[in-house]
Structures are given as C-alpha cells and as structure tokens.
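Participant: Can you keep this structure in mind? I'll have questions shortly.
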Amino acid sequence: QVQLVESGGGLVQPGGSLRLSCATSASTFNLYFVAWYRQPPGEQRELVASIRYRGNTYIAEPVKGRFTISRDNNTNTVYLQMNRLKSEDTAVYYCNADLRTADGEISYDNWGQGTQVTVAS
C-alpha cells in the first residue's frame, strides 16, 4: 500500500521559515509528479507548488518568491521550503503524488495525511 507522509509542520512566527518533507513508503519505486496543496481553516484546498520528475517546478502566485519546491529522487522525498511566512500561510499542507510502485504499477492521485502549519506571533 502506497503511503505518503508529510512532516515538518509546526508553529512559527511571522517572517520565519519551515521546511516540509513528503516521504513515501518502501512500496514506492519512483515518485513522478508531486504537488503540495494547502487548506486554510474554513477554505478550500489550493495548489501551492508542484514538481515533475526531472525538476520542472510550478509555484503559485501567493507564495512565489517565498516558497521553493525540490526533490531527491534517490530517496523519493519532496521538500517545500517556506520562507518569510505570513499568517495567511496558516493551513494544513498536503502532499499529492503520482508514482510507480515497487510492483511496477502506476498509481495516480495519492494523498498524505497532511501537516499543520501555523504562523502566529
């Protein structure tokens, strides 16, 4: 069973930084397209950033210049570096991925359980 596990969330003051990680279970052979989404309290989930296998990235306008997405294909881990955090960045952050399992199957639209990021003084 494929598992995506986010980590790195927490409470940070405005202007601070956090780095989120999205790791996969041993049943994953390759991560392909990976995206970070977030869901602020009482709002809909929104796309924050994405990265393709070869490194092409997309950063949503509200976080452009502050967030970067990167990946380590050797460890099947994707990172979201968040700098100059603002209160409006407060949300649950989710990892979403298309991947190939160790059995060779392609699995689309896999979600992690989310990690809470709270930006407050």
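The values are calculated or read from the model by the stated rules, or taken from the named source; none is laboratory data. As the structure is a prediction and not an experimental result, all values here were calculated from the model. Here the Cβ positions follow ideal geometry from the backbone for every residue, glycine too, while neighbour counts run over all protein chains shown. Surface accessibility is based on the protein's heavy atoms, side chains included, excluding ligands, DNA and RNA. Shrake-Rupley method; radii C 1.70, N 1.55, O 1.52, S 1.80 Å.
Participant: Collect residues whose amide H, placed 1.01 Å from N in the peptide plane, falls under 5 Å from the amide H of Lys86; neighbours closer than 5 in sequence don't count.
Facilitator: Gly15
Participant: Moving on. How much of Tyr93 can a 1.4 Å solvent probe reach, expressed as accessible area in Å² and rounded to 10?
Facilitator: 0
Participant: Shifting gears a bit: Under a point spin-label approximation (7 Å from Cα along Cα-to-Cβ), what is the Arg19-Tyr32 distance to one decimal in nm?
Facilitator: For Arg19 paired with Tyr32, the spin-label model returns 2.8 nm.
Participant: Return a whole-number percent for the relative contact order of the chain, with Cα pairs under 8 Å and 6 or more residues apart as the contact set.
Facilitator: 37
Participant: Could you give the length gained by full extension between Leu11 and Ser87, i.e. 0.36 nm per residue of separation minus their alpha carbon distance, to one decimal place?
Facilitator: Stretched out fully, the Leu11 to Ser87 stretch lengthens by 26.3 nm.
Participant: Which percent of the accessible area of the chain is formed by carbon and sulfur heavy atoms (probe 1.4 angstrom)?
Facilitator: In the chain, the share of accessible area belonging to carbon and sulfur is 44 percent.
Participant: Still on this structure, I have one more. Taking R0 as 25 Å, what FRET efficiency do you get between Val2 and Glu43 from their Cβ-Cβ distance, rounded to the nearest 0.05?
Facilitator: Details: r = 27 Å, r/R0 = 1.09.
Rounded to the nearest 0.05, the efficiency is 0.35.
Participant: Sequence-distant or interchain residues sharing an amide H contact under 5 Å with Ser25, placed H: which?
Facilitator: When sequence neighbours closer than 5 places are left aside, the close amide H contacts are Gln3.
Participant: Ok, one more. Give a residue-ordered list of calculated ³J(HN,Hα) values for the range 105-114 (Karplus: 6.51 cos²θ - 1.76 cosθ + 1.60, θ = phi - 60°; whole Hz; x for Gly, Pro).
Facilitator: Values per residue, Gly and Pro as x: 7, 8, 10, 9, 6, 8, 10, x, 8, x Hz.
Participant: Using a probe radius of 1.4 Å on heavy atoms only, what accessible surface per residue do you get for the chain? Whole Å² is fine.
Facilitator: 53
Participant: Quick check: pseudo-label points 7 Å beyond the Cα along Cα→Cβ at Thr75 and Ala102, how many nm apart are they?
Facilitator: Placing both labels 7 Å along Cα→Cβ, they lie 1.9 nm apart.
Participant: Would you please give the residues with an amide H less than 5 Å from that of Gly10, counting only those at least 5 places away or on a separate chain, with H modeled from the backbone geometry?
Facilitator: Here Val117, Thr118 satisfy the definition.
Participant: Along the Cα-to-Cβ line of Tyr53, 7 Å from the Cα, sits a label point; which residues in the range 84-121 have backbone N less than 12 Å from it?
Facilitator: Only 98-101, 105-107 pass the distance filter.
Participant: From the phi of every residue in the range 66-80, what ³J(HN,Hα) in whole Hz does the Karplus formula 6.51 cos²θ - 1.76 cosθ + 1.60 yield, where θ is phi - 60° and glycine or proline is x?
Facilitator: 10, 10, 9, 10, 8, 8, 10, 5, 6, 10, 6, 10, 10, 10, 10
Participant: Separate question: Roughly how many debye, to the nearest 20, is the charge dipole of the chain about its Cα centre, given +1 on each Lys and Arg Cβ, -1 on each Asp and Glu Cβ, and no other charges?
Facilitator: For this selection, approximately 420 debye.
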